[in-house]
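What follows is one structure encoded as structure tokens, with my remarks underneath.
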Amino acid sequence: MNQFLFKQDNGNELMLFPHILEMGVRKNLSVQLNAFPEIVATRFCVYYVIDGKFDWQVAGRRSIILPKDAVYVMPGEKIGGVNGTLDVGTVAWIHLDIDCLLDKGRNQGKWSGFSESEALTIEHIFRMHRAAHLPILNEVSRIFQDIYTELQQREVGYASMVNQLLDELIIVLVRQLTRQSASSRDFPKKFLQLEQMLRQNLAHQWTVEEMAASVGMGTTSFTERVRSYSGFSPLSYLINLRVTEATRLLKQPDLNVTDIALDTGFYSSQHFSTTFKKLTGYTPREFRKKNLYL
Amino acid sequence: MDCFISIELGTNAVRVYAFDTNGAIVGFNRGAYTTFHPAADYSEQDPEQIFITMLFVLKNLVSEIKSTGKYQIVSLCFSASMHSLLAVDRNGVPLGNAITWADNRGKQETKRLRTKALARKLYEATGTPIHPMSPLLKILWLKSNQQEKFEKTSMFLSIKSYIIMQLTGRYVIDLSLASATGLLNIHHFGWEQEALDYAGITPAQLPDIVPISDSSCKLKRQYQVSLGIGPETKIIVGSSDGCFASLGGGIMEEGRATITIEDSAAMRIIGRKVLQDEGCRMFNYILDEHYYISGGPSNNGSVVFEWFSRQFANYTDSYSDEMVMRDLLLMAEQVDAGADGLLFLPYLLGERAPIWNPSARGVYFGANINHDRRHFIRATIEGILFEMYSIGKLLLQHRDISQITVNGSFVTAPLISRLLADIFNIPMSVNQHVSAVSTGAFLLSAKEFGIYRSLEEAAKSITLHAPVHPDPANHAIYAKYHQLFEKLTDKLSPEFELLDELTLLSDKH
């Protein structure tokens, strides 16, 4: 690929694609000081190294990026060359407004073909891995090339093709990410990460597929692994966490029982009450009364 | 038939076993809970999660047992890890998470106390070594670092006391767990005023001390209904996991010892007298009013071997953890005793007994060009076992030990028990019971129901595999290597400190 730069407010290549904020390729023939200062990304940024060797800080971690490697950062994460330097080599990048993808429900400029549950799973995976260096990801090269060609030649149906290619790019990144973390070597660590993620968002109606994907495993092997590690099925473990959190919240007198039910992921206060009573013998209200006046 | 339930509140999980009157396991269930490490040296657990997990697991087991129509549940008996601390307010609401035995945040408080003459006095009175694991030092840490929380604390509990409080509405602690708090006088079984004064707390802030066989707590009505357990079922308070492991290992007589290697490890002996160690290196905990369990704990049990296998074993997706472990053990077997001169100091998590040095580190020593992976595997295993022998040698200065029972999945592998026998030059018997802790809980419960007249008689019912006998030639080799092992540990002590300072410095930058 030759050097180029498409920008939203400069030229008309991206007119039909408000979600692509910038795309380009740069061939850097000599070391450039202060050409790539560390900045906080405001959008979803994907980089792909075509040749050369780059020494970068990716979300506070130093990484040596080699040809065929991809790097991405989510909005809010830092990226830049070490000491702001841009090393010799060729790098391609694309900046996307990924909020459209992740906030599927409210999305007006709908461009992605992901179903709602796929989009949610992808969102969780990116939330757990807010930035990553993914070594040797050949597919990205072809996708970049195809997007560029489509944008250049504007043949019939190019708008759909570009959006499909963007979906493909995201799938390739996510799959590599999950594979990279999927080795069974350190399941306890991954399980801890998962638990922390679940605890932070108990109100969400988690599915087993989502939980499995967020630690980079298939549903069947995930369920088996969780069962042998924790003694519970993934969904029972989740209910367990919900009741745990509800128990804690019920001991705070200023919270409303219905709010507690919804905050901890029960469909309704009725559902909460039934589940809670089955386990503890108390309805949530009785439990609260008992625990506040000892 | 009568059925006895044991509830083990362990380090990583709650395990619930149901025993029939013959001691056969007729039901089992377990549920894991999480340990959080919000900062270096911190190790915490969520008390509500432990409680809810315990309820889930117990409820499932009870309904399973009842569905057979064959058993009548006559008792629940509790055991728990030692040294946990949970602060609660006047309504009994937890003020944050529980702090576990593995938490080292009280390092500074420990250093300060060790410089005082009081340290030895407290050790002798309470039997608990002066170390961050001890609830005494955790309370001191709280007092100097989280004053507001300290002042809001109405009661200082162990996790088990909290669980029993939830179920029965009473604040109690059994004598055995109480003896591991650093706050109990182990000679006359009451709170040690000098320790309480130093911690800045009053006896009213601690639960009532009860014997391990106490069954005066009654299950709240709601839990009777939700669990399906009637009011006639006895709630037996039980003991600490360490003390039950000795009872369940069948060693209610002098001359015998247990070695338990789980994540962490310990070697224990039993006796009617407190074991006086000049160096304050051994613990003396109470089993019941007649027996003390003495010994030393190591941080570096099978957790070290698991670390090794995570880093260096050949993992492919088709392999299970057990397969990986088996492969490593097979490779270790191809190398002779002493790993051709490769030694390993296993202090990946600092160390408790016998050196009590939280700054200690792991060291491979003596590598040469002929060593390969197999030697490193062998040396790693031998290092873990040498450390048990360092504890064992101290105990042997005080008591004759003619036979040792080994517990825990790591140590019951044939290669490991054989190596232990060679290193100690003492026969090792593998405990074939799945859980020594719960077996101990069963024996106590069965005694309460008159199946045995005494704990001594109960312990005799434990059957062990035929012992593994030592090979004197191997022992001769190990005896020499162990001397070198101890020398290295001792010699490197200042360097461990230096490294600790260096890494503390670089953490700050």
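Among the criteria (1) open to solvent by 10 Å² or more (accessible area, probe 1.4 Å); (2) more than 10 Å from every other protein chain (Cβ to nearest Cβ); (3) among the β-branched types (Val, Ile, Thr), the one A:Val215 does not fulfil is (1).
Checked against (1) among the small types (Gly, Ala, Ser); (2) open to solvent by less than 30 Å² (accessible area, probe 1.4 Å); (3) more than 22 Å from A:Ser141 (Cβ to Cβ), A:Ala35 passes all but condition (2). The residues of region A:240-271 that are part of a helix (DSSP H, G or I), within 30 Å of the chain's Cα centre (by Cα) and either more than 10 Å from chain B (Cβ to nearest Cβ) or among the polar types (S, T, N, Q) (or both), listed by number, are A:Asn240, A:Thr244, A:Asp259, A:Ile260, A:Ala261, A:Leu262, A:Asp263. Note on region B:168-183: residues that are surrounded by fewer than 24 Cβ atoms within 10 Å (Cβ to Cβ) and in a helix (DSSP H, G or I) total 1.
When A:Glu155, A:Glu150 are checked against the criterion of being outside any loop (DSSP other than H, G, I, E, B) and either in contact (Cβ under 8 Å) with a residue 40 or more places away in the chain or more than 14 Å from chain B (Cβ to nearest Cβ) (or both), A:Glu150 stands alone in meeting it.
One line per residue, one yes/no per condition, for (1) basic (Lys, Arg); (2) at pLDDT 95 or above; (3) part of a helix (DSSP H, G or I); (4) touching a helix residue (DSSP H, G or I) at 6+ places or on another chain (Cβ under 9 Å):
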| site | (1), (2), (3), (4) |
| --- | --- |
| B:Gly238 | no, yes, no, yes |
| B:Leu247 | no, no, yes, yes |
| B:Met252 | no, no, no, yes |
| B:Asp263 | no, no, no, yes |
| B:Ile293 | no, yes, no, yes |
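So which of A:Leu194, A:Leu235 is in a helix (DSSP H, G or I) and surrounded by fewer than 17 Cβ atoms within 10 Å (Cβ to Cβ)? Within the list A:Leu194, A:Leu235, the selection yields A:Leu235. Among the residues making up region A:27-50, those that are over 27 Å from the mean Cα position of the chain (by Cα) and either free of Cβ contacts under 8 Å to residues at least 40 places away in the same chain or part of a strand (DSSP E or B) (or both) are A:Lys27, A:Asn28, A:Gln32. Within the set A:Leu255, A:Leu249, the sole residue that is under 22 Å from B:Gln45 (Cα atoms) and surrounded by fewer than 21 Cβ atoms within 10 Å (Cβ to Cβ) turns out to be A:Leu249.
Suppose we filter region A:51-82 for residues that are of a type in the set (Phe, Trp, Tyr) and within 16 Å of the chain's Cα centre (by Cα); how many remain?
1
How many residues are of a type outside the set (Ser, Thr, Tyr) and open to solvent by 10 Å² or more (accessible area, probe 1.4 Å) when one looks only at region B:279-296?
Total satisfying the criteria: 6.
Somewhere in region B:76-93, is a residue more than 12 Å from chain A (Cβ to nearest Cβ), in contact (Cβ under 8 Å) with a residue 12 or more places away in the chain, over 27 Å from B:Ser264 (Cα atoms) and in contact with a helix residue (DSSP H, G or I) (Cβ under 9 Å, 6 or more places away or on another chain)? Scanning region B:76-93 turns up no residue that is more than 12 Å from chain A (Cβ to nearest Cβ), in contact (Cβ under 8 Å) with a residue 12 or more places away in the chain, over 27 Å from B:Ser264 (Cα atoms) and in contact with a helix residue (DSSP H, G or I) (Cβ under 9 Å, 6 or more places away or on another chain). Is it fair to say B:Ile25 is in contact (Cβ under 8 Å) with a residue 60 or more places away in the chain, open to solvent by less than 10 Å² (accessible area, probe 1.4 Å) and either away from chain A (no Cβ under 14 Å) or under 18 Å from the mean Cα position of the chain (by Cα) (or both)? When the stated conditions are applied, B:Ile25 does not pass them. Taken over region B:158-197, the criterion of being aromatic (Phe, Trp, Tyr) and away from chain A (no Cβ under 14 Å) is satisfied by B:Phe189, B:Trp191. Give region B:61-88 a look and list any residue that's open to solvent by 10 Å² or more (accessible area, probe 1.4 Å) and more than 30 Å from B:Phe150 (Cα to Cα), or say none. Passing the criteria: B:Ser63, B:Glu64, B:Lys66, B:Ser67, B:Thr68, B:Gly69, B:Lys70, B:Tyr71, B:Gln72, B:Ile73, B:Val74. Of all residues in region B:233-251, at least one satisfies being more than 14 Å from chain A (Cβ to nearest Cβ) and open to solvent by 30 Å² or more (accessible area, probe 1.4 Å).
Which of the residues spanning region B:191-205 are under 23 Å from B:Arg120 (Cα atoms) and either touching a Leu at 6+ places or on another chain (Cβ under 8 Å) or not polar (S, T, N, Q) (or both)?
Within region B:191-205, B:Trp191, B:Glu192, B:Glu194, B:Ala195, B:Leu196, B:Asp197, B:Tyr198, B:Ala199, B:Gly200, B:Ile201, B:Thr202, B:Pro203 meet the criteria.
Could you list, in sequence order, the residues of region B:394-409 that are in contact (Cβ under 8 Å) with a residue 24 or more places away in the chain, farther than 17 Å from B:Pro427 by Cβ and loosely packed, with under 14 Cβ neighbours inside 10 Å? Across region B:394-409, the qualifying residue is only B:Ser409. If you go through region B:307-325 one residue at a time, do you hit one that is within 25 Å of A:Lys189 (Cα to Cα) and more than 14 Å from every other protein chain (Cβ to nearest Cβ)? Scanning region B:307-325, I find no residue that is within 25 Å of A:Lys189 (Cα to Cα) and more than 14 Å from every other protein chain (Cβ to nearest Cβ), so the answer is no. Helices (runs of 4 or more DSSP H) fully within region B:75-156 that include at least 2 residues being among the polar types (S, T, N, Q): B:107-114, B:135-145.
Candidates are the residues of region B:326-336 that are in contact with a helix residue (DSSP H, G or I) (Cβ under 7 Å, 6 or more places away or on another chain) and surrounded by fewer than 19 Cβ atoms within 10 Å (Cβ to Cβ); the one that is nearest to A:Tyr229 (Cα to Cα) is B:Leu329.
Would it be correct to say that B:Asn91 is open to solvent by 20 Å² or more (accessible area, probe 1.4 Å), more than 24 Å from the chain's Cα centre (by Cα) and at pLDDT below 95? Here the answer is yes, as B:Asn91 does meet what is asked.
The values are calculated or read from the model by the stated rules, or taken from the named source; none is laboratory data. Everything numeric in this text was worked out from a predicted model, so none of it was measured. Don't worry about glycine lacking a Cβ; one is built from the backbone with ideal geometry, like all the others, and counts go over all protein chains shown. Ligands, DNA and RNA are stripped out before the accessible areas are found, and what is left, the full protein with its side chains, is counted by its heavy atoms. Shrake-Rupley method; radii C 1.70, N 1.55, O 1.52, S 1.80 Å.
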